[in-house]
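Everything below concerns the one structure shown next.
The values are calculated or read from the model by the stated rules, or taken from the named source; none is laboratory data. Since the structure is predicted, the reported quantities are computational estimates derived from the model, not experimental observations. We place every Cβ from the backbone using ideal geometry, glycine too, and count neighbours over all the protein chains shown. Accessible surface areas use protein heavy atoms only, side chains included; no ligands, DNA or RNA. Shrake-Rupley method; radii C 1.70, N 1.55, O 1.52, S 1.80 Å.
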Amino acid sequence: MKHPMIRSRRMRYGGMTVYLTVALITALVLLNAIFSALANYKSWYVDMTAERLYSVSDLCYELLDDAIQEAESENGKSVKAEIIFCEDYRKYEKGSVGHYIYTTAHELEQAYPDNISVSWFDCWVEKSRAVELGVTASTNVVLLMEDGQKRVFGQKEFFTFGSESTTAPIGYDGERMFATTLASMIGGDRPLAVLTANHEELYYDNSLLLSLRDAGYNIQMLDLYYENIPEECELLVCYNPNNDFIVSDGISEVDEIDKVTAFLEKGGDMMVFLSASSPELPAFEALLADWGVRIGRTYDKETGHPFNAMVKDTSVSLTADGFTIYGEYVTEGNGAAITSILQEGDYTPRVVFSDATVLLPADGYTAKDGVTYQSGDRIRSDVFVASSRATAWSSGTELEGYDDPLALMSVTTDASSGSRVMVCSSIDFAREAYLKSPVFGNNDVLLSVEKDMGLDNVLIGLRHKPFATDTISSITTAQMLRWTLGLTLTPAILILAVATFVLVRRKYS
(Lines give C-alpha, C1' and ligand atoms only; values in the text may rest on other atoms or scores of the structure.)
Protein backbone atom coordinates (compact mmCIF):
# COMPACT_ATOMS: atom_id res chain seq x y z
CA MET A 1 0.00 0.00 0.00
CA LYS A 2 1.41 3.37 -1.02
CA HIS A 3 2.03 5.96 1.64
CA PRO A 4 -0.71 8.61 1.70
CA MET A 5 1.87 11.37 1.29
CA ILE A 6 3.03 9.89 -2.05
CA ARG A 7 -0.57 9.93 -3.31
CA SER A 8 -1.17 13.47 -2.17
CA ARG A 9 -1.99 16.23 -4.66
CA ARG A 10 1.03 18.30 -3.49
CA MET A 11 3.38 15.37 -4.18
CA ARG A 12 1.91 14.76 -7.63
CA TYR A 13 2.19 18.43 -8.57
CA GLY A 14 5.74 18.58 -7.19
CA GLY A 15 6.78 15.52 -9.20
CA MET A 16 5.29 16.99 -12.36
CA THR A 17 7.21 20.19 -11.74
CA VAL A 18 10.46 18.24 -11.44
CA TYR A 19 9.73 16.30 -14.64
CA LEU A 20 8.93 19.48 -16.57
CA THR A 21 12.07 21.20 -15.26
CA VAL A 22 14.28 18.26 -16.27
CA ALA A 23 12.61 18.10 -19.70
CA LEU A 24 13.05 21.84 -20.26
CA ILE A 25 16.73 21.77 -19.26
CA THR A 26 17.33 18.73 -21.49
CA ALA A 27 15.62 20.47 -24.42
CA LEU A 28 17.70 23.61 -23.91
CA VAL A 29 20.93 21.59 -23.78
CA LEU A 30 20.00 19.77 -27.00
CA LEU A 31 19.02 23.00 -28.77
CA ASN A 32 22.28 24.62 -27.68
CA ALA A 33 24.31 21.65 -28.94
CA ILE A 34 22.44 21.64 -32.28
CA PHE A 35 22.86 25.41 -32.73
CA SER A 36 26.55 25.27 -31.78
CA ALA A 37 27.13 22.52 -34.35
CA LEU A 38 25.35 24.53 -37.05
CA ALA A 39 27.20 27.72 -36.09
CA ASN A 40 30.50 25.88 -36.35
CA TYR A 41 29.60 24.33 -39.71
CA LYS A 42 27.91 27.41 -41.23
CA SER A 43 30.24 29.99 -39.64
CA TRP A 44 27.48 31.84 -37.80
CA TYR A 45 29.64 34.19 -35.77
CA VAL A 46 28.90 37.66 -34.45
CA ASP A 47 31.44 39.79 -32.60
CA MET A 48 29.63 40.34 -29.29
CA THR A 49 32.63 41.77 -27.43
CA ALA A 50 32.59 45.32 -26.10
CA GLU A 51 33.00 47.77 -29.00
CA ARG A 52 33.28 44.84 -31.43
CA LEU A 53 36.76 44.07 -30.10
CA TYR A 54 37.85 41.59 -32.77
CA SER A 55 36.28 43.42 -35.70
CA VAL A 56 38.16 46.07 -37.67
CA SER A 57 38.08 49.26 -35.61
CA ASP A 58 37.05 52.73 -36.73
CA LEU A 59 40.60 53.93 -35.99
CA CYS A 60 41.98 51.33 -38.41
CA TYR A 61 39.64 52.55 -41.15
CA GLU A 62 40.59 56.17 -40.48
CA LEU A 63 44.32 55.43 -40.67
CA LEU A 64 43.96 53.32 -43.81
CA ASP A 65 41.77 55.97 -45.44
CA ASP A 66 44.54 58.54 -45.00
CA ALA A 67 47.30 56.16 -46.17
CA ILE A 68 45.40 55.03 -49.29
CA GLN A 69 44.31 58.54 -50.25
CA GLU A 70 47.86 59.86 -49.83
CA ALA A 71 49.33 57.02 -51.91
CA GLU A 72 46.75 57.41 -54.68
CA SER A 73 47.29 61.18 -54.73
CA GLU A 74 51.07 60.79 -55.05
CA ASN A 75 51.04 57.92 -57.57
CA GLY A 76 48.05 59.03 -59.61
CA LYS A 77 46.50 55.56 -59.63
CA SER A 78 44.36 53.37 -57.45
CA VAL A 79 45.91 51.15 -54.78
CA LYS A 80 45.30 47.46 -55.54
CA ALA A 81 45.98 44.70 -53.02
CA GLU A 82 44.93 41.06 -52.81
CA ILE A 83 44.76 38.97 -49.64
CA ILE A 84 45.32 35.35 -50.63
CA PHE A 85 44.59 32.39 -48.36
CA CYS A 86 46.72 29.47 -49.44
CA GLU A 87 44.54 26.66 -48.08
CA ASP A 88 40.90 25.69 -48.47
CA TYR A 89 39.00 28.68 -47.08
CA ARG A 90 36.74 26.37 -45.08
CA LYS A 91 39.68 25.77 -42.76
CA TYR A 92 39.35 29.41 -41.80
CA GLU A 93 35.57 29.36 -41.39
CA LYS A 94 34.96 26.40 -39.13
CA GLY A 95 35.68 27.91 -35.75
CA SER A 96 39.48 27.70 -35.68
CA VAL A 97 41.64 30.68 -34.79
CA GLY A 98 42.08 31.19 -38.53
CA HIS A 99 38.50 32.43 -38.57
CA TYR A 100 39.67 35.70 -37.01
CA ILE A 101 42.09 36.28 -39.91
CA TYR A 102 39.52 35.37 -42.55
CA THR A 103 36.89 37.67 -41.01
CA THR A 104 39.29 40.62 -40.81
CA ALA A 105 40.29 40.15 -44.46
CA HIS A 106 36.64 40.14 -45.57
CA GLU A 107 35.82 43.21 -43.50
CA LEU A 108 38.67 45.07 -45.19
CA GLU A 109 37.44 43.86 -48.58
CA GLN A 110 33.93 45.11 -47.85
CA ALA A 111 35.24 48.48 -46.65
CA TYR A 112 37.59 48.95 -49.65
CA PRO A 113 36.02 47.06 -52.58
CA ASP A 114 38.04 49.09 -55.11
CA ASN A 115 41.35 48.49 -53.33
CA ILE A 116 41.31 45.12 -51.56
CA SER A 117 40.16 41.71 -52.74
CA VAL A 118 40.22 38.32 -50.99
CA SER A 119 40.84 34.99 -52.72
CA TRP A 120 42.12 31.52 -51.92
CA PHE A 121 43.77 28.53 -53.54
CA ASP A 122 44.99 25.17 -52.29
CA CYS A 123 48.78 25.35 -52.09
CA TRP A 124 48.98 21.55 -51.88
CA VAL A 125 47.24 21.21 -55.23
CA GLU A 126 48.54 24.31 -57.07
CA LYS A 127 52.16 23.85 -56.06
CA SER A 128 53.57 26.02 -58.85
CA ARG A 129 51.58 29.02 -57.66
CA ALA A 130 52.67 28.40 -54.10
CA VAL A 131 56.32 28.51 -55.22
CA GLU A 132 55.65 31.68 -57.21
CA LEU A 133 54.17 33.40 -54.17
CA GLY A 134 56.87 32.13 -51.82
CA VAL A 135 54.50 30.06 -49.70
CA THR A 136 56.11 27.43 -47.48
CA ALA A 137 54.82 24.80 -45.09
CA SER A 138 54.78 27.37 -42.28
CA THR A 139 53.12 30.23 -44.19
CA ASN A 140 49.57 30.34 -45.49
CA VAL A 141 48.48 33.97 -46.04
CA VAL A 142 49.84 36.35 -48.69
CA LEU A 143 49.34 40.10 -49.13
CA LEU A 144 50.05 40.78 -52.82
CA MET A 145 50.25 44.28 -54.30
CA GLU A 146 49.49 45.07 -57.94
CA ASP A 147 53.10 46.16 -58.51
CA GLY A 148 54.37 42.73 -57.43
CA GLN A 149 55.30 43.50 -53.83
CA LYS A 150 54.24 40.74 -51.50
CA ARG A 151 54.38 39.76 -47.87
CA VAL A 152 53.93 36.13 -46.81
CA PHE A 153 52.56 35.46 -43.32
CA GLY A 154 52.42 32.49 -41.05
CA GLN A 155 49.17 32.17 -39.14
CA LYS A 156 51.02 32.64 -35.84
CA GLU A 157 52.03 36.18 -36.85
CA PHE A 158 48.42 37.34 -36.48
CA PHE A 159 48.32 36.51 -32.77
CA THR A 160 50.16 37.40 -29.60
CA PHE A 161 51.53 34.83 -27.18
CA GLY A 162 52.39 34.85 -23.51
CA SER A 163 55.90 33.55 -24.24
CA GLU A 164 57.90 32.12 -27.10
CA SER A 165 57.45 28.58 -25.78
CA THR A 166 53.65 28.56 -25.68
CA THR A 167 51.38 27.68 -28.60
CA ALA A 168 48.16 29.08 -27.09
CA PRO A 169 47.51 32.67 -28.26
CA ILE A 170 46.53 35.28 -25.69
CA GLY A 171 45.40 37.94 -28.15
CA TYR A 172 44.59 38.78 -31.77
CA ASP A 173 46.78 41.09 -33.85
CA GLY A 174 45.33 40.66 -37.35
CA GLU A 175 43.90 44.14 -37.79
CA ARG A 176 47.22 45.80 -36.98
CA MET A 177 49.19 43.26 -39.03
CA PHE A 178 47.14 43.74 -42.22
CA ALA A 179 46.85 47.51 -41.86
CA THR A 180 50.49 48.32 -41.04
CA THR A 181 51.81 45.98 -43.73
CA LEU A 182 49.47 47.41 -46.34
CA ALA A 183 50.37 50.98 -45.37
CA SER A 184 54.10 50.26 -45.56
CA MET A 185 53.78 48.61 -49.00
CA ILE A 186 51.65 51.25 -50.73
CA GLY A 187 54.27 53.90 -49.98
CA GLY A 188 56.62 52.55 -52.64
CA ASP A 189 60.16 51.37 -51.94
CA ARG A 190 60.71 50.28 -48.37
CA PRO A 191 63.52 52.14 -46.54
CA LEU A 192 66.47 50.13 -45.21
CA ALA A 193 67.19 49.70 -41.51
CA VAL A 194 70.59 48.23 -40.64
CA LEU A 195 71.27 46.53 -37.30
CA THR A 196 74.82 46.29 -36.02
CA ALA A 197 75.84 42.71 -35.25
CA ASN A 198 79.53 42.58 -34.31
CA HIS A 199 79.59 43.95 -30.76
CA GLU A 200 77.97 40.95 -29.07
CA GLU A 201 74.56 42.54 -29.47
CA LEU A 202 72.27 40.21 -27.56
CA TYR A 203 68.65 39.90 -28.68
CA TYR A 204 66.42 38.07 -26.21
CA ASP A 205 63.69 37.75 -28.86
CA ASN A 206 63.04 39.07 -32.36
CA SER A 207 60.26 41.53 -31.47
CA LEU A 208 62.30 44.64 -32.34
CA LEU A 209 63.12 43.23 -35.77
CA LEU A 210 59.46 42.37 -36.39
CA SER A 211 58.38 45.82 -35.23
CA LEU A 212 60.79 47.51 -37.66
CA ARG A 213 59.68 45.24 -40.47
CA ASP A 214 55.99 45.83 -39.83
CA ALA A 215 56.59 49.59 -39.67
CA GLY A 216 57.84 49.44 -43.25
CA TYR A 217 61.60 48.86 -43.10
CA ASN A 218 63.66 46.30 -44.92
CA ILE A 219 66.01 44.75 -42.36
CA GLN A 220 69.71 43.98 -42.80
CA MET A 221 72.30 42.83 -40.28
CA LEU A 222 75.73 44.46 -40.59
CA ASP A 223 79.24 43.64 -39.39
CA LEU A 224 80.48 47.19 -39.08
CA TYR A 225 84.13 46.15 -38.98
CA TYR A 226 84.16 44.40 -42.36
CA GLU A 227 81.31 46.23 -44.08
CA ASN A 228 80.34 49.82 -44.74
CA ILE A 229 76.90 51.20 -43.99
CA PRO A 230 74.93 50.92 -47.29
CA GLU A 231 74.25 54.16 -49.12
CA GLU A 232 70.51 53.49 -49.11
CA CYS A 233 70.40 52.93 -45.34
CA GLU A 234 68.13 55.36 -43.51
CA LEU A 235 68.20 53.94 -39.99
CA LEU A 236 71.05 52.40 -37.99
CA VAL A 237 70.04 50.39 -34.92
CA CYS A 238 72.40 49.38 -32.12
CA TYR A 239 70.65 47.15 -29.60
CA ASN A 240 72.32 45.96 -26.40
CA PRO A 241 76.02 46.18 -27.42
CA ASN A 242 78.38 44.34 -25.07
CA ASN A 243 81.67 45.10 -26.86
CA ASP A 244 83.02 48.54 -27.72
CA PHE A 245 83.20 49.96 -31.23
CA ILE A 246 86.64 49.72 -32.81
CA VAL A 247 88.53 52.93 -33.48
CA SER A 248 91.69 53.58 -35.48
CA ASP A 249 94.39 53.55 -32.81
CA GLY A 250 97.53 52.61 -34.68
CA ILE A 251 96.71 48.91 -34.52
CA SER A 252 93.42 48.75 -36.42
CA GLU A 253 93.06 50.62 -39.70
CA VAL A 254 89.27 50.35 -39.42
CA ASP A 255 87.34 52.95 -37.44
CA GLU A 256 83.73 51.99 -36.81
CA ILE A 257 82.98 55.27 -35.06
CA ASP A 258 84.09 57.17 -38.19
CA LYS A 259 81.66 55.08 -40.26
CA VAL A 260 78.78 55.89 -37.95
CA THR A 261 79.73 59.57 -37.79
CA ALA A 262 79.85 59.83 -41.59
CA PHE A 263 76.45 58.15 -41.81
CA LEU A 264 74.93 60.64 -39.37
CA GLU A 265 76.55 63.62 -41.09
CA LYS A 266 74.78 62.60 -44.30
CA GLY A 267 71.39 62.78 -42.60
CA GLY A 268 70.98 59.20 -41.40
CA ASP A 269 69.16 58.36 -38.17
CA MET A 270 70.15 56.08 -35.31
CA MET A 271 68.45 54.17 -32.49
CA VAL A 272 70.39 52.95 -29.46
CA PHE A 273 69.10 50.64 -26.72
CA LEU A 274 71.10 50.38 -23.49
CA SER A 275 70.36 49.15 -19.98
CA ALA A 276 71.65 49.17 -16.43
CA SER A 277 73.62 46.02 -17.29
CA SER A 278 75.35 47.53 -20.35
CA PRO A 279 79.15 47.46 -19.91
CA GLU A 280 81.35 50.53 -20.13
CA LEU A 281 82.02 51.26 -23.83
CA PRO A 282 84.37 54.29 -23.97
CA ALA A 283 84.50 54.78 -27.77
CA PHE A 284 80.76 54.27 -28.28
CA GLU A 285 79.86 56.42 -25.28
CA ALA A 286 82.07 59.22 -26.63
CA LEU A 287 79.91 59.14 -29.77
CA LEU A 288 76.74 59.32 -27.66
CA ALA A 289 78.22 62.22 -25.68
CA ASP A 290 78.58 64.14 -28.95
CA TRP A 291 74.82 63.72 -29.25
CA GLY A 292 74.11 64.90 -25.72
CA VAL A 293 73.81 61.62 -23.79
CA ARG A 294 75.97 60.50 -20.87
CA ILE A 295 75.33 57.36 -18.83
CA GLY A 296 75.07 57.80 -15.07
CA ARG A 297 77.75 55.59 -13.53
CA THR A 298 79.66 54.94 -10.31
CA TYR A 299 82.92 53.06 -9.70
CA ASP A 300 83.89 50.67 -6.93
CA LYS A 301 86.48 52.46 -4.76
CA GLU A 302 88.63 49.36 -4.33
CA THR A 303 88.42 47.60 -7.69
CA GLY A 304 87.46 50.48 -9.97
CA HIS A 305 84.67 48.31 -11.45
CA PRO A 306 81.95 50.45 -13.11
CA PHE A 307 78.27 50.23 -12.17
CA ASN A 308 75.53 51.93 -14.14
CA ALA A 309 73.03 53.95 -12.15
CA MET A 310 69.59 52.31 -12.18
CA VAL A 311 66.25 54.09 -12.05
CA LYS A 312 64.08 52.94 -9.13
CA ASP A 313 60.52 54.03 -8.42
CA THR A 314 58.35 51.82 -6.18
CA SER A 315 55.37 54.15 -6.60
CA VAL A 316 54.82 53.14 -10.25
CA SER A 317 56.63 49.82 -10.38
CA LEU A 318 55.26 46.57 -11.79
CA THR A 319 57.74 44.56 -9.70
CA ALA A 320 58.48 44.46 -6.01
CA ASP A 321 62.07 45.66 -6.48
CA GLY A 322 60.95 48.94 -8.06
CA PHE A 323 63.05 48.62 -11.24
CA THR A 324 60.27 47.92 -13.79
CA ILE A 325 58.51 51.25 -13.99
CA TYR A 326 56.10 53.36 -15.98
CA GLY A 327 57.73 56.27 -17.79
CA GLU A 328 56.15 59.70 -17.76
CA TYR A 329 55.48 61.48 -21.05
CA VAL A 330 57.33 64.74 -21.46
CA THR A 331 54.73 67.46 -22.05
CA GLU A 332 56.81 70.21 -23.62
CA GLY A 333 59.34 70.68 -26.39
CA ASN A 334 60.18 68.33 -29.24
CA GLY A 335 59.92 65.31 -26.96
CA ALA A 336 56.24 66.08 -26.42
CA ALA A 337 55.72 66.68 -30.14
CA ILE A 338 57.06 63.19 -30.94
CA THR A 339 54.41 61.49 -28.78
CA SER A 340 51.65 64.06 -29.32
CA ILE A 341 49.44 61.55 -31.19
CA LEU A 342 49.50 59.26 -28.16
CA GLN A 343 48.97 62.03 -25.62
CA GLU A 344 46.08 63.67 -27.47
CA GLY A 345 44.01 60.51 -27.85
CA ASP A 346 41.15 59.36 -25.64
CA TYR A 347 43.48 56.82 -24.08
CA THR A 348 47.16 57.51 -23.40
CA PRO A 349 48.91 54.13 -23.20
CA ARG A 350 51.38 53.50 -20.43
CA VAL A 351 54.98 52.82 -21.41
CA VAL A 352 57.26 50.45 -19.49
CA PHE A 353 61.00 50.71 -18.85
CA SER A 354 62.63 47.78 -17.07
CA ASP A 355 66.14 47.82 -15.57
CA ALA A 356 66.73 51.27 -17.01
CA THR A 357 69.97 53.16 -16.65
CA VAL A 358 70.09 56.90 -16.03
CA LEU A 359 70.62 59.12 -19.09
CA LEU A 360 72.40 62.34 -18.07
CA PRO A 361 73.12 65.39 -20.23
CA ALA A 362 76.60 65.27 -21.71
CA ASP A 363 79.25 67.85 -20.95
CA GLY A 364 78.94 70.90 -23.18
CA TYR A 365 75.15 70.68 -23.43
CA THR A 366 73.34 73.60 -21.82
CA ALA A 367 69.98 73.05 -20.18
CA LYS A 368 67.22 75.09 -21.82
CA ASP A 369 64.70 73.62 -19.39
CA GLY A 370 64.47 70.41 -17.40
CA VAL A 371 64.04 68.20 -20.47
CA THR A 372 65.86 70.04 -23.29
CA TYR A 373 69.61 70.59 -23.75
CA GLN A 374 71.56 72.26 -26.55
CA SER A 375 75.08 72.32 -27.93
CA GLY A 376 75.53 74.23 -31.18
CA ASP A 377 73.17 72.88 -33.83
CA ARG A 378 72.25 69.85 -31.75
CA ILE A 379 69.27 69.80 -29.41
CA ARG A 380 68.62 66.87 -27.11
CA SER A 381 64.96 66.47 -26.14
CA ASP A 382 63.85 63.99 -23.51
CA VAL A 383 60.80 61.97 -24.57
CA PHE A 384 60.20 60.01 -21.36
CA VAL A 385 61.35 60.66 -17.82
CA ALA A 386 60.85 58.92 -14.48
CA SER A 387 58.45 60.40 -11.95
CA SER A 388 59.60 62.93 -9.36
CA ARG A 389 59.59 60.10 -6.80
CA ALA A 390 62.21 58.09 -8.70
CA THR A 391 65.73 57.69 -7.36
CA ALA A 392 69.05 56.52 -8.80
CA TRP A 393 70.62 53.37 -7.37
CA SER A 394 73.88 51.53 -7.83
CA SER A 395 75.17 48.39 -6.08
CA GLY A 396 72.16 48.41 -3.77
CA THR A 397 72.78 51.98 -2.61
CA GLU A 398 70.79 55.10 -3.37
CA LEU A 399 72.91 57.70 -5.14
CA GLU A 400 72.96 61.39 -4.29
CA GLY A 401 73.31 64.29 -6.70
CA TYR A 402 70.91 63.03 -9.37
CA ASP A 403 68.40 65.78 -10.07
CA ASP A 404 64.82 65.27 -11.24
CA PRO A 405 63.68 64.35 -13.72
CA LEU A 406 65.69 61.22 -14.53
CA ALA A 407 65.62 60.73 -18.30
CA LEU A 408 64.53 57.36 -19.75
CA MET A 409 64.48 58.15 -23.47
CA SER A 410 65.82 61.06 -25.49
CA VAL A 411 66.04 62.14 -29.13
CA THR A 412 68.81 64.47 -30.27
CA THR A 413 68.35 66.42 -33.52
CA ASP A 414 71.11 68.01 -35.59
CA ALA A 415 69.70 71.07 -37.33
CA SER A 416 72.43 71.15 -40.00
CA SER A 417 72.20 67.51 -41.18
CA GLY A 418 68.66 66.68 -40.08
CA SER A 419 69.92 63.54 -38.34
CA ARG A 420 68.28 62.18 -35.22
CA VAL A 421 69.72 59.89 -32.55
CA MET A 422 67.34 58.18 -30.14
CA VAL A 423 68.76 56.66 -26.97
CA CYS A 424 66.58 54.36 -24.86
CA SER A 425 67.69 53.48 -21.33
CA SER A 426 66.15 49.98 -21.36
CA ILE A 427 66.72 47.03 -23.66
CA ASP A 428 63.60 45.38 -22.21
CA PHE A 429 61.62 48.29 -23.65
CA ALA A 430 61.86 46.52 -27.04
CA ARG A 431 61.13 42.97 -25.88
CA GLU A 432 58.03 40.96 -26.77
CA ALA A 433 56.41 41.34 -23.35
CA TYR A 434 56.04 45.09 -23.94
CA LEU A 435 56.16 45.59 -27.72
CA LYS A 436 53.35 43.08 -28.30
CA SER A 437 51.38 43.83 -25.17
CA PRO A 438 47.69 44.74 -25.57
CA VAL A 439 48.09 47.04 -22.57
CA PHE A 440 51.34 48.96 -22.98
CA GLY A 441 52.26 51.55 -25.63
CA ASN A 442 55.94 50.71 -26.19
CA ASN A 443 55.43 49.79 -29.85
CA ASP A 444 53.44 52.97 -30.51
CA VAL A 445 56.29 55.00 -29.03
CA LEU A 446 58.76 53.36 -31.44
CA LEU A 447 56.41 54.13 -34.32
CA SER A 448 56.16 57.75 -33.14
CA VAL A 449 59.96 58.08 -33.10
CA GLU A 450 60.19 56.47 -36.56
CA LYS A 451 57.56 58.88 -37.85
CA ASP A 452 59.58 61.78 -36.45
CA MET A 453 62.60 60.35 -38.30
CA GLY A 454 60.68 60.62 -41.56
CA LEU A 455 59.09 57.18 -42.02
CA ASP A 456 55.98 57.46 -44.20
CA ASN A 457 52.54 55.89 -43.67
CA VAL A 458 53.09 55.06 -40.01
CA LEU A 459 49.88 53.81 -38.40
CA ILE A 460 49.98 54.70 -34.72
CA GLY A 461 47.40 53.61 -32.16
CA LEU A 462 46.32 50.20 -33.47
CA ARG A 463 46.21 47.91 -30.47
CA HIS A 464 46.71 44.21 -29.94
CA LYS A 465 43.38 42.71 -28.91
CA PRO A 466 43.57 40.40 -25.89
CA PHE A 467 41.47 37.28 -25.48
CA ALA A 468 39.59 36.82 -22.24
CA THR A 469 41.92 36.38 -19.28
CA ASP A 470 41.65 36.37 -15.52
CA THR A 471 45.08 37.87 -14.94
CA ILE A 472 45.93 41.50 -14.22
CA SER A 473 49.14 42.59 -15.91
CA SER A 474 49.14 46.37 -15.46
CA ILE A 475 48.80 46.89 -11.72
CA THR A 476 51.78 48.39 -9.92
CA THR A 477 53.27 47.13 -6.68
CA ALA A 478 52.01 50.19 -4.82
CA GLN A 479 48.50 49.70 -6.21
CA MET A 480 48.65 46.02 -5.27
CA LEU A 481 49.47 46.90 -1.66
CA ARG A 482 46.66 49.46 -1.51
CA TRP A 483 44.12 47.00 -2.93
CA THR A 484 45.30 44.26 -0.56
CA LEU A 485 44.95 46.50 2.47
CA GLY A 486 41.60 47.82 1.28
CA LEU A 487 40.09 44.42 0.58
CA THR A 488 41.43 43.05 3.87
CA LEU A 489 40.46 45.89 6.20
CA THR A 490 37.15 47.03 4.67
CA PRO A 491 35.14 43.83 5.48
CA ALA A 492 36.59 43.75 9.01
CA ILE A 493 35.65 47.40 9.62
CA LEU A 494 32.12 46.87 8.27
CA ILE A 495 31.60 43.77 10.44
CA LEU A 496 32.89 45.62 13.50
CA ALA A 497 30.60 48.58 12.81
CA VAL A 498 27.52 46.36 12.36
CA ALA A 499 28.36 44.31 15.47
CA THR A 500 28.81 47.48 17.52
CA PHE A 501 25.48 48.87 16.28
CA VAL A 502 23.63 45.61 17.14
CA LEU A 503 25.16 45.38 20.61
CA VAL A 504 24.30 48.99 21.38
CA ARG A 505 20.70 48.53 20.18
CA ARG A 506 20.27 45.34 22.22
CA LYS A 507 21.69 46.97 25.33
CA TYR A 508 19.28 49.92 25.24
CA SER A 509 16.23 48.17 23.79
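Of note:
For every residue, the table says whether it meets (1) open to solvent by less than 10 Å² (accessible area, probe 1.4 Å); (2) without any contact (Cβ under 8 Å) to a residue 24 or more places away in the chain; (3) not hydrophobic (A, V, I, L, M, F, W, C).
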{"position": "Phe273", "(1), (2), (3)": "yes, no, no"}
{"position": "Ala283", "(1), (2), (3)": "no, no, no"}
{"position": "Ala289", "(1), (2), (3)": "no, no, no"}
{"position": "Thr298", "(1), (2), (3)": "no, no, yes"}
{"position": "Glu302", "(1), (2), (3)": "no, yes, yes"}
{"position": "Phe307", "(1), (2), (3)": "no, no, no"}
{"position": "Thr314", "(1), (2), (3)": "no, no, yes"}
{"position": "Tyr326", "(1), (2), (3)": "no, no, yes"}
{"position": "Thr331", "(1), (2), (3)": "no, yes, yes"}
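- Selection from region 395-454 of residues that are in contact with a helix residue (DSSP H, G or I) (Cβ under 9 Å, 6 or more places away or on another chain), acidic (Asp, Glu) and in a strand (DSSP E or B): Asp414
- Residue match in region 373-382 (condition: acidic (Asp, Glu) and touching a residue at least 60 places away in the same chain (Cβ under 8 Å)): no
- Check on Val371, surrounded by 16 or more Cβ atoms within 10 Å (Cβ to Cβ), modelled with pLDDT of 95 or more and out of contact with any Phe, Trp or Tyr (no Cβ under 8 Å at 6 or more places or on another chain): no
- Put simply, of Thr261, Thr181 the only residue that is out of contact with any strand residue (DSSP E or B) (no Cβ under 8 Å at 6 or more places or on another chain) and of a type in the set (Val, Ile, Thr) is Thr261.
- Of the residues examined, Ser96 is not one that is open to solvent by less than 40 Å² (accessible area, probe 1.4 Å) and either modelled with pLDDT of 85 or more or closer than 21 Å to Gly174 by Cβ (or both).
- Top-ranked residue in region 198-239 [being assigned to a loop (DSSP other than H, G, I, E, B) and in contact with a Phe, Trp or Tyr (Cβ under 6 Å, 6 or more places away or on another chain); ranked as farthest from Arg431 (Cα to Cα)]: Ile229
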